[in-house]
Amino acid sequence: RKIAIISPCYNQLNLDGRFATSLINTIEILKKEGIHAEHAFIENTTLLNYNLNQAVNVFLEDKDYTDFVFINSNIIFQPQTVLDMVTNYEAQRVLGGSCKTNEYGQIPRLEIELDLEKKETMPGDSNLLKVNSLFLGFVKIKREVFEENEKIFEKIYFKNSQKEGDDFEEQKPFYFSAPTLGEDKYFKGSFYMFLNKLKTAGEDLWCHLDF
């Protein structure tokens with residue numbers, strides 16, 4: 001079994017030591033459980049969204065990858081949390097949490113939207129909530145979410161290099177589009193729009209307050 005850990009770097013490749021330490025320890029703790037983890041940094045350039053989609057599509061080509069974990073490079077997190085996400089909460093196909101960033105220090109950054117009229121928690125786990133949106137700086141997404149919802153995303157051509165010197169282009173889903181200005185005059189980020197499309201398509205979004 002394999003998981004892909006993808007880290008967008010919005011401050012170029014300037015990494016906090018705590019993030020780097022957590023990432024190394026995460027890969028080690030997963031390895032002890034028989035889970036192989038591959039990691040990819042996505043640099044903040046004009047091609048960030050293209051490269052982010054390319055990374056997801058490349059990992060999807062390997063059927064052994066069961067989960068995609070997105071962790072922004074400024075997140076402070078516990079390695080055990082990632083292990084719990086992919087082993088103890090497999091039924092929650094899209095699962096995020098509150099998390100600490102360097103800017104917020106020890107104050108958790110929690111950006112979720114709750115539907116108070118339809119508040120739903122898991123029996124026996126009151127801190128696991130079904131939500132309307134998530135902060136995509138720290139979230140797990142099962143590969144089936146990408147595969148089963150592929151048709152709701154537009155496709156563009158990506159370069160595919162099967163072997164050196166033999167490049168060709170093929171159409172792949174563009175899951176994370178560029179940020180756009182919404183009707184409320186606020187910019188909607190690529191992850192926000194990605195989650196909104198999943199929610200509209202009937203996918204449940206979950207947040208664990210302990211993560």
Accessible surface of region 19-92 [probe 1.4 Å, protein heavy atoms]: carbon and sulfur percent: 50
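Taking a 19 Å limit on the Cα-Cα distance, which of the listed pairs LYS130/LYS151; LYS151/LYS197; LYS63/LYS142; LYS2/LYS197 fall beyond it? Before the final figure, lay out each step's value.
Values: LYS130/LYS151 24 Å; LYS151/LYS197 11 Å; LYS63/LYS142 12 Å; LYS2/LYS197 26 Å.
Among LYS130/LYS151; LYS151/LYS197; LYS63/LYS142; LYS2/LYS197, the Cα-Cα distance tops 19 Å for LYS130/LYS151; LYS2/LYS197.
The values are calculated or read from the model by the stated rules, or taken from the named source; none is laboratory data. Since the structure is predicted, the reported quantities are computational estimates derived from the model, not experimental observations. SASA here: full protein model, heavy atoms, side chains in, ligands and nucleic acids out. Shrake-Rupley method; radii C 1.70, N 1.55, O 1.52, S 1.80 Å.
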